[in-house]
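Student: A single structure is presented below for examination.
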Amino acid sequence: MQSDLDGLRGNLVRASQDYHHVSDQGIPMSGRLLKQVDSILESHLELKWNFYIDFARRYEVVSLVYKLCREGSRIADVGAQPFILSAMLRVLGYEVVAIDVEPELYIDIAKRFNIRVIKCDLERDRIDAPDEYFDCIVFSEVLEHLNPYYVVLTLSEINRILRKEGILILTTPNIASLFRRLKLLLGKQPVYRYHVKEYTKREIEELLQRCGFEILVSRYSEVYDRTLLKPSTEDQLKRLPYIDSYLDMIKFTLKNFNKVNLLRVLAYPIIKLIPSLRTTIVVVARKIASVSPTKNIVRWG
């Protein structure tokens, strides 16, 4: 049992360090996936910015799933709209169920990729899925949008629908990142305006442990720090998924020179040296125990 656990951790470390792995044909899987899902933009041009600027971040999650779950595994994408990540997982051969509170706006994308959709308010509803139904659950860039009073309820539901020993992959912004610290020093609100609450890595770990999970890998990702740049043209926007190094950042900034890009290029060596200053938290956890259903906290009274 211990050797199996050590092997799993080894796979996780390798996946975390080498998310731009290469397919058997020598084509970067990130580029191949991009070409297979960019048809989404044919009917939803309003997603163009989101699609390209967040592609590398989504691909990092997909790479972890790819390393940890065999083809055909049943995956839940919780908080899935606009279903770009769900589509990427579906293209790789997974059985994908997308769960979201407002799926209607982009439901055509889910239908195009044959993704089953469950409408659910994660802060209030029971997820319409059987107990221990999924092999893996992806919970990416969703936690920060939930009212913190209801987070334990949401995580207990995720625990319920995940099989024993199943894998949870969670990503969320790091409230202690360099640029959020700088905002606070300048007297500005560090939490992004569309987020309800952002967390530290320790807070995430404690929440998951409280809800029946064992932490396998908990780390800070530099992917967003490297790719969250401001392009000057549409062609340059399409280059963002391929920025893999500091040199790529410098080259991109020289072609798209502005204050945002200059600041990110100057900050990247610091972020590279001090991981806790990076923008994104990535946690991979395993369900080790079921938890009792949790009721919402009454905030007043």
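Student: So which residues in segment 54-76 are among the hydrophobic types (A, V, I, L, M, F, W, C) and within 20 Å of ARG163 (Cα to Cα)?
Tutor: Hits for segment 54-76 are VAL61, VAL62, LEU64, VAL65, LEU68, CYS69, ILE75, ALA76.
Student: Collect the residues in segment 30-61 that are among the polar types (S, T, N, Q) and under 18 Å from THR227 (Cβ atoms), keeping them in residue-number order.
Tutor: First, pick out the residues of segment 30-61 that are among the polar types (S, T, N, Q): 30, 36, 39, 43, 50.
Selection gives SER30, ASN50.
Student: Right, something else. Which one of these is in contact (Cβ under 8 Å) with a residue 40 or more places away in the chain, surrounded by fewer than 16 Cβ atoms within 10 Å (Cβ to Cβ) and basic (Lys, Arg): ARG116, ARG124?
Tutor: From the options ARG116, ARG124, the qualifying one is ARG124.
Student: Related question: Yes or no: GLU102 of a type in the set (D, E, K, R), surrounded by fewer than 23 Cβ atoms within 10 Å (Cβ to Cβ) and part of a helix (DSSP H, G or I)?
Tutor: On the way: of a type in the set (D, E, K, R): yes; surrounded by fewer than 23 Cβ atoms within 10 Å (Cβ to Cβ): yes; part of a helix (DSSP H, G or I): no.
Spelling it out, it is not the case that GLU102 is of a type in the set (D, E, K, R), surrounded by fewer than 23 Cβ atoms within 10 Å (Cβ to Cβ) and part of a helix (DSSP H, G or I).
Student: Residue by residue through segment 182-201, note down the ones that are touching a helix residue (DSSP H, G or I) at 6+ places or on another chain (Cβ under 8 Å) and either loosely packed, with under 15 Cβ neighbours inside 10 Å or assigned to a loop (DSSP other than H, G, I, E, B) (or both).
Tutor: GLN189, PRO190, VAL191, TYR192, TYR194, HIS195, VAL196, LYS197, GLU198
Student: In addition: So how many residues does segment 52-92 have that are outside any helix (DSSP H, G or I), among the aliphatic types (A, V, I, L, M) and either free of Cβ contacts under 8 Å to residues at least 24 places away in the same chain or within 22 Å of LEU122 (Cβ to Cβ) (or both)? Show your work before the answer.
Tutor: Quick first cut of segment 52-92, residues outside any helix (DSSP H, G or I) only: 54, 69-83, 92.
Narrowing the set further to residues that are among the aliphatic types (A, V, I, L, M) leaves 75-76, 78, 80, 92.
When the remaining residues are screened for being either free of Cβ contacts under 8 Å to residues at least 24 places away in the same chain or within 22 Å of LEU122 (Cβ to Cβ) (or both), the result is 75-76, 78, 80.
Counting residues in segment 52-92 that are outside any helix (DSSP H, G or I), among the aliphatic types (A, V, I, L, M) and either free of Cβ contacts under 8 Å to residues at least 24 places away in the same chain or within 22 Å of LEU122 (Cβ to Cβ) (or both) gives 4.
Student: Tell me the residue from ILE271, ILE281, ILE250 that is surrounded by 12 or more Cβ atoms within 10 Å (Cβ to Cβ), modelled with pLDDT of 95 or more, over 21 Å from VAL191 (Cα atoms) and among the hydrophobic types (A, V, I, L, M, F, W, C), please.
Tutor: ILE250
Student: What's the number of the condition ASP108 fails, among (1) part of a loop (DSSP other than H, G, I, E, B); (2) surrounded by fewer than 18 Cβ atoms within 10 Å (Cβ to Cβ); (3) not aromatic (Phe, Trp, Tyr)?
Tutor: Here ASP108 meets the rest and fails (1).
Student: Follow-up. Return only the number of the condition from (1) part of a helix (DSSP H, G or I); (2) at pLDDT below 90; (3) closer than 21 Å to LEU240 by Cβ; (4) out of contact with any His (no Cβ under 7 Å at 6 or more places or on another chain) that TYR19 does not satisfy.
Tutor: Tallying (1) part of a helix (DSSP H, G or I); (2) at pLDDT below 90; (3) closer than 21 Å to LEU240 by Cβ; (4) out of contact with any His (no Cβ under 7 Å at 6 or more places or on another chain), TYR19 fails exactly one: (1).
Student: I'm trying to understand the selection: among the residues of segment 165-204, which are basic (Lys, Arg) and farther than 27 Å from LEU68 by Cα? Talk me through it step by step, then tell me what you get.
Tutor: Just the residues of segment 165-204 that are basic (Lys, Arg), to begin with: 180-181, 183, 188, 193, 197, 201-202.
Answer for segment 165-204, where residues must be basic (Lys, Arg) and farther than 27 Å from LEU68 by Cα: ARG180, ARG181, LYS183, LYS188, ARG193, LYS197.
Student: Answer with yes or no whether GLU165 is within 30 Å of SER73 (Cβ to Cβ) and surrounded by fewer than 17 Cβ atoms within 10 Å (Cβ to Cβ). Break it down into steps so the answer makes sense when it comes.
Tutor: Values: within 30 Å of SER73 (Cβ to Cβ): yes; surrounded by fewer than 17 Cβ atoms within 10 Å (Cβ to Cβ): yes.
Judged against the criteria, GLU165 is a match.
Student: Considering only segment 127-151, state which residues are under 19 Å from the mean Cα position of the chain (by Cα) and either surrounded by fewer than 18 Cβ atoms within 10 Å (Cβ to Cβ) or part of a helix (DSSP H, G or I) (or both).
Tutor: Result: LEU143, GLU144, HIS145, ASN147, PRO148, VAL151.
Student: Within segment 236-247, track down each residue that is out of contact with any His (no Cβ under 7 Å at 6 or more places or on another chain) and either buried (at least 17 other Cβ atoms within 10 Å of the Cβ) or closer than 20 Å to TYR59 by Cα (or both).
Tutor: Residues satisfying the conditions are GLN236, LEU237, LYS238, ARG239, LEU240, PRO241, TYR242, ILE243, SER245, TYR246.
Student: For segment 132-144, what are the residues that are at negative phi and touching a Leu at 6+ places or on another chain (Cβ under 9 Å)?
Tutor: TYR133, PHE134, ASP135, CYS136, ILE137, VAL138, PHE139, SER140, VAL142, LEU143, listed by residue number.
Student: Additional query: How many residues are among the polar types (S, T, N, Q) and within 24 Å of SER290 (Cα to Cα) when one looks only at segment 88-145?
Tutor: Matching residues across segment 88-145 total 1.
Student: Follow-up question, since we're still on this one. Take the residues of segment 202-232 that are buried (at least 17 other Cβ atoms within 10 Å of the Cβ) and aliphatic (A, V, I, L, M): which is farthest from GLY166 (Cα to Cα)?
Tutor: Within segment 202-232, the match that is farthest from GLY166 (Cα to Cα) is LEU229.
The values are calculated or read from the model by the stated rules, or taken from the named source; none is laboratory data. Fair warning: this is a prediction, and the values are worked out from it, not measured in the lab. Counting neighbours? That spans all protein chains shown, and the Cβs are built from the backbone with ideal geometry, glycine included.
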